[in-house]
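*Asks:* Here it is, the structure in full.
The values are calculated or read from the model by the stated rules, or taken from the named source; none is laboratory data. All values derive from a computational prediction rather than experimental measurement. Here the Cβ is made from the backbone with ideal geometry for all residues, glycine too, and neighbour counts use every protein chain on show.
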Amino acid sequence: MIDALGQPQCVLVIGGGSDIAAAAVDRWVDLRTDTVILAGRNFKEMETVQSKLQAHSSVKVEIAYLDLTDHSSIEPFVDDAFDRFPDIDLVLLAAGQLGDQAEDEISPSRVEAMFDTNATGTAITLTAVANRLRRLGSGAIVVLSSVAGERVRRSNYVYGSTKAALDGFSLGLADSLSGSGVRLVLIRPGFVKTKMTTHLANAPLATTPDRVADDIVAALAKNRLLTWSPGAMRWVMLVYKHLPRSIARKLPF
């Protein structure tokens with residue numbers, strides 16, 4: 001069970017190869033976590049995370065295959081994970097696909113794939129996870145969303161719209177969990193310098209996986225529903241949301 005300081009004992013990570021997830025789990029392992037289940041498609045990336053965690057701790061790390069585009073496999077996977085690890089008290093949803101806007105916007109199949117992973121697959125996962133945690137009457141879900149979903153921009157509207165769907169679904173789910181003993185923490189990172197964004201130029205207020213991880217750990221400990229990372233992105237997006245569309249579409253980011 002998550003303790004009074006927001007430290008979990010057993011963590012299930014959806015998107016186990018994520019740089020941000022790896023940084024967050026590293027912090028939890030240093031504090032209290034003794035079991036981690038990494039789920040995703042890229043075993044090489046997850047094995048790297050596993051090796052780094054076990055290099056400085058005695059944490060038990062298991063790797064499992066999960067493809068969020070294979071929608072019918074998600075609920076059975078979640079049920080199996082909770083049956084095998086009944087002490088799961090935190091689920092971190094860090095899976096996602098960035099895509100390539102220039103290619104995505106002219107390819108119906110690529111749009112479908114983006115929504116399958118970032119929106120439909122994540123929504124199914126969150127529903128299955130919430131069902132199991134409700135039965136336990138405790139636990140937490142941490143969702144990595146994005147500032148890109150706050151107001152969808154011309155420069156990445158395919159990715160942004162999938163994150164807008166995830167963001168809205170997560171906030172609605174958080175409301176539905178009220179009184180159940182289960183809580184949801186939504187994280188909205190800005191541009192994060194990870195292996196997924198190495199080919200892109202830094203955006204304003206670019207941050208790192210370590211800094212986002214610190215914000216995740218703090219948000220969970222302080223029981224915050226919504227956290228921007230870095231915090232200044234909240235005010236940037238507040239201004240951006242109210243710009244006339246004719247001006248917003250011309251901005252170079």
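*Asks:* Do you know which residues across segment 33-68 are more than 21 Å from Arg132 (Cα to Cα) and of a type in the set (Ser, Thr, Tyr)?
*Replies:* Thr48, Ser51, Ser57, Ser58, listed by residue number.
*Asks:* Yes or no: segment 145-157 includes at least one residue that is assigned to a helix (DSSP H, G or I), of a type outside the set (D, E, K, R), touching a Leu at 6+ places or on another chain (Cβ under 7 Å) and at pLDDT below 95.
*Replies:* Looking for residues that are assigned to a helix (DSSP H, G or I), of a type outside the set (D, E, K, R), touching a Leu at 6+ places or on another chain (Cβ under 7 Å) and at pLDDT below 95, one finds at least one in segment 145-157, hence yes.
*Asks:* Scan segment 1-28 for residues that are of a type in the set (D, E, K, R) and either crowded, with 18+ Cβ neighbours inside 10 Å or modelled with pLDDT of 95 or more (or both) and jot them down.
*Replies:* Asp19, Asp26
*Asks:* Could you tell me whether segment 140-150 includes any residue that is within 20 Å of Val212 (Cβ to Cβ), charged (D, E, K, R) and crowded, with 18+ Cβ neighbours inside 10 Å?
*Replies:* yes
*Asks:* Say we look at segment 105-142 and pick out the residues that are part of a loop (DSSP other than H, G, I, E, B) and among the small types (Gly, Ala, Ser); which of these is farthest from the chain's Cα centre (by Cα)?
*Replies:* Ser107
*Asks:* Filtering segment 123-139 down to residues that are among the hydroxyl-bearing types (Ser, Thr, Tyr) and touching a residue at least 60 places away in the same chain (Cβ under 8 Å), which residue is surrounded by the most Cβ atoms within 10 Å (Cβ to Cβ)?
*Replies:* Taking segment 123-139 as the starting set, the residues that turn out to be among the hydroxyl-bearing types (Ser, Thr, Tyr) are 125, 127, 138.
Those left that are additionally touching a residue at least 60 places away in the same chain (Cβ under 8 Å): 125, 138.
Numbers: Thr125: 25, Ser138: 13.
Result: Thr125.
*Asks:* Looking at Leu38, Leu31, Leu92, Leu68 in this structure, which one is of a type in the set (A, V, I, L, M, F, W, C), out of contact with any Pro (no Cβ under 6 Å at 6 or more places or on another chain) and at pLDDT below 95?
*Replies:* Only one candidate passes the filter, namely Leu31.
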